[in-house]
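Heads up, the thing below is written out as structure tokens.
The values are calculated or read from the model by the stated rules, or taken from the named source; none is laboratory data. The structure presented is a predicted model; accordingly, all values stated were derived computationally and were not measured. Heads up, the Cβs are rebuilt from the backbone with ideal geometry, glycines too, and the neighbour counts pull from every protein chain shown.
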Ligand code: C2E
Ligand code: CA
Ligand code: CA
């Protein structure tokens, strides 16, 4: 994951968080709003219910009072008491009042004279209609006009508190002759005004007039301050006041709200059907009165705070981990030694490139013998070389091209070119610049030689295959991946997949090439050489498969198999009464590094009861390069068991006479390269060297064998130089063991 991806991911997390917190908040808000509105509804219903109940109670009391007064009026008419003497009338009134507990009960004649019984104070006859409170007069006159009437509330001189007056007409001979009037408090009003019962104590009720004057103002009112009229209070909005006015005119009930000390409260007004009066019920509990707008507001603020906090946290966390992640990204994508990108990053870039680039090549670049640089100059200097090469590559890239350091000294490069000539030109430039800057260490200098494999429109793997194809060919520095290379690889794969079965099926055949004494052409031994016989009878030669077996380790098995084949052959000679000759067997480098190797060998020769002295083990000079001491130990062990050891291909690589002196070998095989003439001048020098080597070996008691003796001239020349034995086409090619036995061993 690179940094931009990380950023994207964090952005996504942030976006998701913001969106989800908005969603959650809206769900929350809606839920709270729903609960809130449900609570409002419940409140409204309660308010309305209770208000109506109070209204009911008031109506019932009024109805009851009218009923009493009407019955009384009827009694007067029927008993004709009005026309009897005043004393009787006074008594009747006193009795009726004693029964019903009105504050006062009067009979008022149409002329305005009256008889009044005041509860607890006796009867008065001197009060006339015009002396009464105006509201009382109005009600009484309504009764004179044939209606049951209730007065508005007024203060009475007889009573401490507000009173109503009820009045009903009194008939005689179908004519209204007066009115019965009673004063009463409506005790429920006192309950309403002072009681703790409204809305379970959470509310209060006022009684207001049709002009919105307070008639009874509850002591439990929320709003402090004396207002005579609800329009006077500043707590109702203009809009609400208009709504209230309209409702009062139409005698309708109304819900509304008012604001007090920054909180919103609700009220309900219900007409009383009495003088246009209203019950005004209000709720005192603020929490239930919270408006939906307020809820949204509060939650919005909380949400914003949460979001700010969360994003601050996210940002802080991002910055905190960004440092670490940068480091991780460095580790994941960058090569710590050179600072170049690594394979992982390269592969990402490559995948990206393939999506939109049609013209590219992948190059694998390697340093010849980089191990030597590390060994000779140390790891630090080795790293410096890698950094240097990295810079050279970096500077030679064009826009859109990229590279990485893979393992050790391998670099991969992508060039946006497909023309082989152009690619070669660019690579040659890199290789030349690197070559010219050879590593200096003290007085030593070491030439840096690079080689490369190119896969036009191919990937790393193909580039690497092309590279490997020239690994050991120093003269070739650029190899292009192609079909043949691919076939070679396919063949290699086919060999690898078939080798085990081939061994089992005994497809590996023993061929023998005789060795002769150069002095008298006597047969002195033979070299065992392997041939792989295909099922169709054709042969594969060792150079096709031995290098591969060396690298994949199969040589370990094959060489032991060949030892066994050789032992079988020797045994068969012995068994048929033929004097056996020593056989040289080629041994892979790998075998010599195995501590059990001498014992394993011994087991095989013992199995066939073959003397160890008939087995000559041919090792390649490269074996010595690894661990001279260990090699000498192995040779010593082998000697003890009776085996002989020969050094093969001497003079082909980095052989040194010093090595001859150090290694306790029995035989030296001179590489056939010594015998091939290049030029006259060269030839003379080679003669001198050959002579020196032969004499040096002789002095050390080491036999010398010349390989590749192809002509009589070769033989004579070698013989003259003192070389002991010869092997080559001049004498015989390698032939199969059966033919060999017939020709030489019978
Ligand atoms: P080598 O050990 O140097 O074997 C000698 C090679 O030179 C043989 O090639 C042989 O056929 C060839 N030769 C012989 N006389 C002449 C001559 O006069 N002129 C020329 N030009 N060549 C001559 P071959 O059999 O193809 O073997 C090639 C290499 O394969 C051997 O080189 C040896 O290193 C390896 N090899 C062969 N058999 C085995 C084996 O069983 N085990 C192992 N580990 N390596 C083997
Ligand atoms: Ca050999
Ligand atoms: Ca050889």
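Numbers at a glance
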{"quantity": "Breaking point among (1) within 17 Å of residue 64 (Cβ to Cβ); (2) crowded, with 20+ Cβ neighbours inside 10 Å, for residue 143", "calculated": "(1)"}
{"quantity": "Test: residue 590 is closer than 22 Å to residue 668 by Cα, in the same structural domain as residue 656 (by TED's automatic domain parsing), crowded, with 17+ Cβ neighbours inside 10 Å and more than 16 Å from ligand 3 (Cβ to nearest atom)", "calculated": "yes"}
{"quantity": "Tally of residues being within 16 Å of ligand 3 (Cβ to nearest atom) and without any contact (Cβ under 8 Å) to a residue 40 or more places away in the chain across segment 676-693", "calculated": "2"}
{"quantity": "Per-region count, segment 522-533, residues away from ligand 2 (no atom under 16 Å from the Cβ) and either touching a residue at least 60 places away in the same chain (Cβ under 8 Å) or assigned to a strand (DSSP E or B) (or both)", "calculated": "3"}
{"quantity": "Answer residue from segment 361-412, given it is assigned to a loop (DSSP other than H, G, I, E, B) and touching a helix residue (DSSP H, G or I) at 6+ places or on another chain (Cβ under 6 Å) and is nearest to residue 463 (Cα to Cα) among those", "calculated": "406"}
{"quantity": "Elements of type helices (runs of 4 or more DSSP H) in segment 596-659, at least 3 residues being within 16 Å of ligand 3 (Cβ to nearest atom)", "calculated": "622-626"}
{"quantity": "Verdict on residue 696 being in a helix (DSSP H, G or I), within 16 Å of ligand 2 (Cβ to nearest atom) and in contact with a helix residue (DSSP H, G or I) (Cβ under 7 Å, 6 or more places away or on another chain)", "calculated": "no"}
{"quantity": "Count of residues meeting criterion [within 60 Å of the chain's Cα centre (by Cα) and surrounded by fewer than 21 Cβ atoms within 10 Å (Cβ to Cβ)] in segment 593-603", "calculated": "7"}
{"quantity": "Matching residues, segment 646-680, being at pLDDT 90 or above and crowded, with 21+ Cβ neighbours inside 10 Å", "calculated": "646, 647, 648, 650, 665, 667, 668, 669, 670"}
{"quantity": "Every residue from segment 534-589 that is in contact with a helix residue (DSSP H, G or I) (Cβ under 8 Å, 6 or more places away or on another chain), within 16 Å of ligand 2 (Cβ to nearest atom) and either in a helix (DSSP H, G or I) or farther than 23 Å from residue 705 by Cα (or both)", "calculated": "545, 546, 549, 550, 555, 558, 559, 563, 565, 589"}
{"quantity": "Considering residues of segment 153-175 that are surrounded by 20 or more Cβ atoms within 10 Å (Cβ to Cβ) and in contact with a helix residue (DSSP H, G or I) (Cβ under 7 Å, 6 or more places away or on another chain) only, the residue modelled with the lowest pLDDT", "calculated": "165"}
{"quantity": "Matching residues, segment 512-544, being surrounded by 11 or more Cβ atoms within 10 Å (Cβ to Cβ), within 15 Å of ligand 1 (Cβ to nearest atom) and either farther than 15 Å from residue 731 by Cα or outside the structural domain of residue 565 (by TED's automatic domain parsing) (or both)", "calculated": "528, 529, 530, 531, 532, 533, 539, 540, 541, 542, 544"}
{"quantity": "Enumeration of residues in segment 612-640 that are at pLDDT 95 or above and touching a helix residue (DSSP H, G or I) at 6+ places or on another chain (Cβ under 6 Å)", "calculated": "612, 614, 637, 638"}
{"quantity": "Positions within segment 703-718 being more than 16 Å from ligand 2 (Cβ to nearest atom) and either buried (at least 18 other Cβ atoms within 10 Å of the Cβ) or within 19 Å of residue 617 (Cα to Cα) (or both), in sequence order", "calculated": "714, 715, 718"}
{"quantity": "So residue 738, is it farther than 25 Å from residue 621 by Cα and more than 15 Å from ligand 1 (Cβ to nearest atom)", "calculated": "yes"}
{"quantity": "Subset of segment 501-520 that is in contact (Cβ under 8 Å) with a residue 12 or more places away in the chain and not in a strand (DSSP E or B) - its residue that is nearest to ligand 2 (Cβ to nearest atom)", "calculated": "518"}
{"quantity": "Residues (under 30 Å from residue 30 (Cβ atoms) and in contact (Cβ under 8 Å) with a residue 40 or more places away in the chain) located in segment 303-348", "calculated": "303, 306, 307, 310, 311, 314"}
{"quantity": "Yes/no for residue 623 being under 54 Å from the mean Cα position of the chain (by Cα), assigned by TED's automatic domain parsing to the domain that holds residue 657 and within 16 Å of ligand 2 (Cβ to nearest atom)", "calculated": "yes"}
{"quantity": "Options 733, 738: the member that is within 16 Å of ligand 2 (Cβ to nearest atom), modelled with pLDDT of 95 or more and either out of contact with any helix residue (DSSP H, G or I) (no Cβ under 8 Å at 6 or more places or on another chain) or in a helix (DSSP H, G or I) (or both)", "calculated": "733"}
{"quantity": "Segment 604-620: number of residues that are within 16 Å of ligand 2 (Cβ to nearest atom) and surrounded by fewer than 19 Cβ atoms within 10 Å (Cβ to Cβ)", "calculated": "0"}
{"quantity": "Number of positions in segment 47-87 that are more than 30 Å from residue 198 (Cα to Cα) and touching a helix residue (DSSP H, G or I) at 6+ places or on another chain (Cβ under 7 Å)", "calculated": "4"}
{"quantity": "Residue 642 vs. criteria more than 59 Å from the chain's Cα centre (by Cα), surrounded by 13 or more Cβ atoms within 10 Å (Cβ to Cβ) and within 15 Å of ligand 1 (Cβ to nearest atom)", "calculated": "no"}
